[in-house]
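Student: Please read through the structure below; I'll follow up with questions.
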Amino acid sequence: MPIADADVRWVKAPKLGLLDRLYFPAIAAGLGTTIKHIFQPKVTQQFPEERPDLPANYRGLHRLNRDADGRVKCVACYLCSTACPARCIDIVAAPAPPEWKDREKYPEMFVIDELRCIYCGMCEQACPCDAIELTSMFDLTGLSREEMMFDKEKLLSVFDESVKMGKDPIRTKAGPLSCASEPAGESTTDGHG
């Protein structure tokens, strides 16, 4: 069915005056912005020498947390992998050693593709045992894609490094696993009970 001529509206290009055709007003506005910025204080930060002051809730490099016994806190429940919108977390579960009475399984392999990750924090929110957290570390580099695949050992070393630096994420909870493991009515260090 063709469109009726009454339903068609033709739009005409606006008429430009002489100044508009010469672009003088646009050039003058651009020069005005440039001159205004010349006299404003400079905010350049000399990065490696001057470290930025990031907010406490900055989401940077991932870490796998350790429990009080130095074991990985992860119980290989796959919730972080399921919640991840970028699908950058791969986990292979294995039965926990018999001496680990508090869990049935643990991650035999845990890999995060840091190049694919969008640092949204969904993995951190989904984790029921507070095993994965995003730190305030931001200066990660790699010369190949393989170097940016963080396995379990590398993620645990990020935990060790961030603890050594004294820069625990603000979202860290108290308790053997997390606030989900605390009995009802018992308060944690972050004020939730």
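Student: State the number of residues belonging to region 36-68 that are farther than 23 Å from residue 151 by Cβ and of a type in the set (Lys, Arg).
Tutor: Residues that pass the stated criteria total 3.
Student: Still on this structure, please answer the following. Does residue 156 meet the test of being touching a Leu at 6+ places or on another chain (Cβ under 6 Å) and loosely packed, with under 15 Cβ neighbours inside 10 Å? Step through it out loud before you land on a result.
Tutor: Details: touching a Leu at 6+ places or on another chain (Cβ under 6 Å): yes; loosely packed, with under 15 Cβ neighbours inside 10 Å: no.
In short, no.
Student: Continuing with this model, one more query. Filter region 100-130 for residues that are in contact (Cβ under 8 Å) with a residue 40 or more places away in the chain, over 26 Å from residue 53 (Cα atoms) and not in a strand (DSSP E or B) and give the result.
Tutor: 102, 126, 127, 128, 129
Student: Within region 66-82, is there a residue that is surrounded by fewer than 16 Cβ atoms within 10 Å (Cβ to Cβ), closer than 22 Å to residue 160 by Cβ and at pLDDT 95 or above?
Tutor: no
Student: Still on this structure, I have one more. Has region 23-36 got any residue that is loosely packed, with under 10 Cβ neighbours inside 10 Å, without any contact (Cβ under 8 Å) to a residue 24 or more places away in the chain and basic (Lys, Arg)?
Tutor: Yes.
Student: Considering only region 53-73, how many residues are more than 18 Å from residue 158 (Cβ to Cβ) and free of Cβ contacts under 8 Å to residues at least 24 places away in the same chain?
Tutor: Total satisfying the criteria: 3.
The values are calculated or read from the model by the stated rules, or taken from the named source; none is laboratory data. Since the model is a prediction, treat every value here as computed from it, not as a measurement. No Cβ is skipped: glycine too gets one built from the backbone with ideal geometry, and neighbour counts run over all protein chains shown.
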